[in-house]
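Presented below is the structure to which this report refers.
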Amino acid sequence: MRTIALCILVLSELTALGGFAATQGPTAEQLCNEANGAYDRGDALRAISLYQLGITLQSDSVPARTNLAVALAHDGRYQEAIVQYQEALERDPKNTMVRLNLALAQYKQAEFEKASAELESLRKEHTGSRQSLYLLTDCYLRLGKDSDACHQDVRRKSQPGATNIRVECSGGAHPKQDRQM
């Protein structure tokens, strides 16, 4: 029964795309473009089904897998999003944004050990990321690693108005933010 429902969904998605010859069908890129539009209009479920169709046509597409993962996470389906981020990273392991999104999905799934491992790796490579600092610090706090949380430091290149962030603790984990003058 589920197979029949999936076939009906696929056919309805292809029909909804219109303008495609019955013998040719839409390309993976066309499906992903339509999915992007659906997501932008707030229709995450339609976007998810279109990204999935696009991936069936082009399984090595990092953007399609990444966008599918974003739509899944938006829908609260973090475990499925994690799988798609991991698939994307198998094809593009140095993609910083995908790695950060993976860590964020793991964080939201309460997989703090996994999230902190990914964030630690990101921080070693990109020390200026405030978002990874905040997430990593919170992971440490949630894992009861207060001393690790207290020794985080972000140094940004000297620029006018640049921000240095230092997490300091004295008697408890209370992050402070220092402004560079």
> Being within 12 Å of the chain's Cα centre (by Cα), of a type in the set (S, T, N, Q) and crowded, with 16+ Cβ neighbours inside 10 Å, is that true of even one residue in the range 36-44?
Replying inline: no
> When Tyr51 is evaluated against the numbered criteria (1) part of a helix (DSSP H, G or I); (2) surrounded by fewer than 21 Cβ atoms within 10 Å (Cβ to Cβ), which criterion, by number, is the only one it fails?
Replying inline: (2)
> Just checking, which of Ala103, Ala47 is more than 21 Å from Asp148 (Cβ to Cβ) and outside the structural domain of Asp146 (by TED's automatic domain parsing)?
Replying inline: Ala47
> So Glu13 fits all but one of (1) modelled with pLDDT under 95; (2) assigned to a helix (DSSP H, G or I); (3) under 30 Å from His126 (Cα atoms); what number is the exception?
Replying inline: (3)
> Any residue in the range 109-121 that is modelled with pLDDT of 95 or more and out of contact with any helix residue (DSSP H, G or I) (no Cβ under 9 Å at 6 or more places or on another chain)?
Replying inline: no
>> Could you list, ordered by first residue, the pairs with Cβ atoms under 8 Å in which the first is in the range 43-62 and within 15 Å of Arg77 (Cβ to Cβ) and the second is surrounded by fewer than 21 Cβ atoms within 10 Å (Cβ to Cβ) and of a type in the set (S, T, N, Q), at least 6 apart or interchain?
In response: Ala47/Asn36
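This table checks each residue for (1) assigned by TED's automatic domain parsing to the domain that holds Ala38; (2) at pLDDT 75 or above.
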position	(1), (2)
Ala69	yes, yes
Tyr78	yes, yes
Glu87	yes, yes
Leu133	no, yes
Thr137	no, yes
Gly144	no, yes
Lys157	no, no
Gly171	no, no
Pro175	no, no
>> Suppose we filter the range 59-96 for residues that are outside any helix (DSSP H, G or I), farther than 19 Å from Leu122 by Cα and touching a Leu at 6+ places or on another chain (Cβ under 9 Å); how many remain?
In response: 1
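The values are calculated or read from the model by the stated rules, or taken from the named source; none is laboratory data. Remember, it's a predicted structure, so these values are computed and weren't measured experimentally. Note that each Cβ is placed from the backbone with ideal geometry, even for glycine, and that neighbours are counted across all protein chains shown.
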